[in-house]
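The values are calculated or read from the model by the stated rules, or taken from the named source; none is laboratory data. Keep in mind that this is a model prediction, so the values were computed, not measured. All Cβ positions, glycine included, derive from the backbone under ideal geometry; neighbour counts span all protein chains shown.
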2 protein chains.
Amino acid sequence: METAPDDVAELAAQLRPALLRLGRMIRNQRVDFSLTLGQLSALYTIEKSGPLSPRQIASLERVQPPSMTKILASLEELDFIRREPHPTDGRQALIAVTPKGEEYLQIERTARDRWLNRRLAMLEPAERAILMSAAPLIDKLAEI
Amino acid sequence: METAPDDVAELAAQLRPALLRLGRMIRNQRVDFSLTLGQLSALYTIEKSGPLSPRQIASLERVQPPSMTKILASLEELDFIRREPHPTDGRQALIAVTPKGEEYLQIERTARDRWLNRRLAMLEPAERAILMSAAPLIDKLAEI
DNA sequence: TATTGTTATACTCTATAACTATA
DNA sequence: TATAGTTATAGAGTATAACAATA
């Protein structure tokens with residue numbers, strides 16, 4: 001049974017387990033385990049899309065507002081985020097990452113990159129060239 | 001500042017966020033949310049590497065044995081796994097996935113593939129060809 | 001009156017400690 | 001005596017419900 005050159009289903013079946021497995025391994029590269037996954041994920045989200053209100057962060061993180069209240073309180077305690085009043089709506093607060101929070105994220109990102117770097121260095125240059133051309137496509141798949 | 005054709009660090013920085021983002025989106029494609037992530041992950045592990053003892057599963061899943069005891073009890077209650085005595089060691093049990101458990105996993109896998117299929121179908125054939133050649137490399141990165 | 005955010009409380013999941021059975 | 005697995009109990013983390021402040 002021959003696989004067609006452009007078999008979408010075959011490609012999905014090949015790609016899915018490989019992506020999930022490598023993604024899990026990258027996520028496991030942590031330097032500092034003092035933040036829970038929920039705290040780390042919220043911090044990434046605020047960095048990426050902030051400043052955001054607690055409710056917006058809760059929605060993006062798919063947790064309920066009271067749960068986010070606790071996560072934000074713990075991050076504020078660490079001085080990883082700061083809170084500013086909303087310019088026009090007195091009920092809302094706007095949350096942003098502090099320089100200390102940015103530094104934490106950068107250290108974690110560097111650890112993940114270093115790990116991935118070591119792995120990539122074991123490939124042939126031609127293989128890395130393929131991955132380099134695949135990277136924007138993987139990003140596109142997540143974007144559509 | 002020009003990027004070298006074979007810049008490993010640049011590749012890692014490109015690949016990491018794309019992989020993590022797409023992986024997260026694939027993982028979010030669930031059909032049935034009655035299993036917790038811990039239950040689902042243990043079931044995948046048993047399917048992949050089983051039959052395994054509870055202690056081995058706990059180790060692979062990076063949870064403590066008492067936590068795995070509960071997860072296994074819930075999966076057994078659902079008739080997703082079965083327990084057999086170890087042939088030579090009366091203390092151990094060997095856990096394997098039942099046909100009903102396999103069916104559950106297959107349904108979840110199919111949902112993830114269907115979602116990924118739809119996305120892949122939006123790409124150009126040439127782009128899919130690049131991803132097809134990248135898939136084994138992504139797998140290789142996780143394997144090394 | 002509706003919405004944002006917090007506090008109060010309960011439930012789920014995982015961990016450590018203690019116990020039973022087998023090697 | 002050591003190891004596999006379970007039971008007992010406690011500690012995080014998240015949820016729902018109720019409340020205070022602002023739109």
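Within the stretch B:119-129, being among the acidic types (Asp, Glu) and part of a helix (DSSP H, G or I) holds for one residue alone: B:Glu127.
Would you check if A:Leu22 is among the hydrophobic types (A, V, I, L, M, F, W, C), under 30 Å from B:Ile144 (Cα atoms) and more than 10 Å from DNA strand D (Cβ to nearest atom)? Yes.
Of the residues screened, A:Leu141 is one that is closer than 23 Å to B:Leu116 by Cβ, touching a Lys or Arg at 6+ places or on another chain (Cβ under 9 Å), hydrophobic (A, V, I, L, M, F, W, C) and within 11 Å of chain B (Cβ to nearest Cβ). A single entry from A:Ser41, A:Ser74, A:Ser59, A:Ser53 fulfils the requirement of being free of Cβ contacts under 8 Å to residues at least 12 places away in the same chain and either within 16 Å of DNA strand D (Cβ to nearest atom) or surrounded by fewer than 15 Cβ atoms within 10 Å (Cβ to Cβ) (or both): A:Ser59. Scoring A:Leu123 on the criteria (1) touching a residue at least 12 places away in the same chain (Cβ under 8 Å); (2) within 14 Å of chain B (Cβ to nearest Cβ) leaves a single failure, condition (1).
With respect to A:Ile95, is the statement that it is surrounded by 12 or more Cβ atoms within 10 Å (Cβ to Cβ), at pLDDT 95 or above, more than 17 Å from the chain's Cα centre (by Cα) and within 16 Å of DNA strand C (Cβ to nearest atom) true?
Details: surrounded by 12 or more Cβ atoms within 10 Å (Cβ to Cβ): yes; at pLDDT 95 or above: yes; more than 17 Å from the chain's Cα centre (by Cα): yes; within 16 Å of DNA strand C (Cβ to nearest atom): yes.
The answer is yes for A:Ile95.
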